[in-house]
Structures are given as C-alpha cells and as structure tokens.
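Please read the structure below before turning to the comments.
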Amino acid sequence: MAKAENLEESSPLLAKVVENADQKDTHRSSTAPSPDAVPPPPPARKDTEEENRDGDCDYGWTADGLPVHGSVVGEPVGRAQWETGLCACLGRHDEFCSSDLEVCLLGSVAPCMLYGTNAERLRSTPGTFANHCMSYSGLYLIGTSFFGWNCLAPWFTYPTRTALRRMFNLEGNCEALHRTCGCCGLCVEDEVQREHCESVCDFATHVFCHTCALCQEGRELRRRMPHPGFNARPVLVMIPPKEQSMQRGV
C-alpha cells in the first residue's frame, strides 16, 4: 500500500490515464453490436448492361490503346472535340493565332519540319525531331521522284495522328460521321472495331489531305502540350565556401 500510494503521489497523471481507459472500455461495450443482430442487406446495384441498354454510351481510349468503359464513379467517358477543324488552315482568332500561321507556313513549305515538331511534342524524347524529320524527307524525295507525288510519307505519319487521338481521347472521323449524319453505326457500336475503323480513317486523312492533317495535328499539339524545351527546370548549384584559415591576432 505504501508503494502504491508513493507511485500515485509521484505520478498524478496515472489516475487520469486509468480513468480514461475505463471510460473507453465502457463506451466500446455499449456500442458493440449484439450477436443476435442481423446486418442490413447491401444496397441493390443496377446492372451496367441494363443502364446502357437504352442510351448511347461513348467510350474512351487510354494512351496505350485500351478501351475505357467508364470513369471512377461508373459514368461513361465522353469524347473530346478537336480544337480546330481539318480545313481551318489559319486556325482561330485567339492567343494561338500567330502559332497557327506558323503551322500553316511550315505545312505548306516544309512539312518535314512540321511533322518533326509534332512528333517531338508528342513523344518528348531526345533526337525525335531529327529522326522523324530526316525520315520524312527521305520518303518525300523518293515518292516525288519515282511516283510524282508524296505517296510514301503518309504511311509513316498517320500513326502520329492515331497516338494523338488516343492520348487526348479525341473524336474520330467515324464517330463524327455517326454524330452528324447517322452513318457508320455498325462500326461505332463495337469498341475494337471502331478503333480499327478510326485507324483506317486516320490513314485516309493523311493520304488525301496530308498537309491539312499535319497542320491540324500541329495546332492541336500546340494548344494542349508545351514544347519540351520549355519544360526545363532550374538547377540549384551549391557553391562551397572559400577556404578559411585561423590567424592569431597581433
């Protein structure tokens, strides 16, 4: 008893700790469910097929080309529209007006440079501009020399349009036709078949409207992604202090 009294006197907070512990145990015992209680049934959830049976759902695609059937909350992901049209060579009268004129001039005079800058913005890897620009130039010279027109470069450039469309979940040509005039319904219903159809449309766009397709992709990339050279972060350089020596005062 003497030791307990000495401990209680030497530690006045011990009684409060014990009292709080007793209150917690009492609260837990009062709030604990009885063993005979029946848990409530889980809320009924509608089937996704029944929800989407009557409505037309638009599904998105990830950067890897996989279909996205819905968002986190279960709602379908809608398609985004292109910022400018295919034939809007001069772009729009906004803050990117000067950039649109530059894209138009590059597409008309030097499409190899425009395609190189588009690939550089899209992939953001070192050496992308030089590799794509030189490859495009070689295909352009071979096509114009042997066939009389630029027929080989579209085979090399159309995957960039497909990658751009998948990255930003943009609407394709088949979906645009289905939305405006109701055609291409069978191709739009199935996700995989729709993506194959959209890839064919991307290739056809580069074959028949090659310059306009490059300009539209350039305008879209400049509005959505900055140039990789502008993403440089400042580097903090630590300069060590100069050598110090201890001298005895005179």
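The values are calculated or read from the model by the stated rules, or taken from the named source; none is laboratory data. Computed from a predicted model, the values in this text were never measured in an experiment. In this analysis, Cβ positions are derived from the backbone assuming ideal geometry, glycine residues included, and neighbour counts consider all displayed protein chains. All accessible areas refer to the heavy atoms of the entire protein, side chains included, with ligands and DNA or RNA removed. Shrake-Rupley method; radii C 1.70, N 1.55, O 1.52, S 1.80 Å.
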query: Measuring from label point to label point, each 7 Å out along Cα→Cβ, what is the residue 208 to residue 99 span in nm?
result: 3.0
message: What does the net charge come to around residue 198 if you take all other residues with beta carbon closer than 10 Å to its beta carbon, with K and R at +1 and D and E at -1?
response: 0
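DSSP loop chymotrypsin sites (Phe, Trp or Tyr not before Pro) in region 118-226 with at most 14 other Cβ atoms within 10 Å of their Cβ, which ones?
Details: sites: 129, 136, 140, 146, 147, 149, 155, 156, 168, 203, 208; in loops: 147, 149, 168.
In loop regions of region 118-226 (DSSP not H, G, I, E or B), the sparsely surrounded chymotrypsin sites (Phe, Trp or Tyr not before Pro) are 147, 149.
Around residue 129, with a cut-off of 14 angstrom between Cβ atoms, what is the net charge of the other residues, counting Lys and Arg +1 and Asp and Glu -1? Don't jump to the answer; show the numbers that get you there.
Working: positive: 121, 123; negative: 120.
It works out to a net charge of +1.
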statement: Each label sits 7 Å from Cα toward the beta-carbon; between residue 141 and residue 92 the label points are separated, in nm, by 4.0
Estimated distance in nm for a label pair at residue 196 and residue 149, the labels positioned 7 Å out from Cα along Cα-to-Cβ: 2.8
query: When all protein chains stay in place, what accessible area (Å², nearest 10, 1.4 Å probe) is found for residue 227?
result: 50
query: What accessible surface, in Å², does a 1.4 Å probe find on residue 161, ignoring ligands, DNA and RNA and rounding to the nearest 10?
result: 10
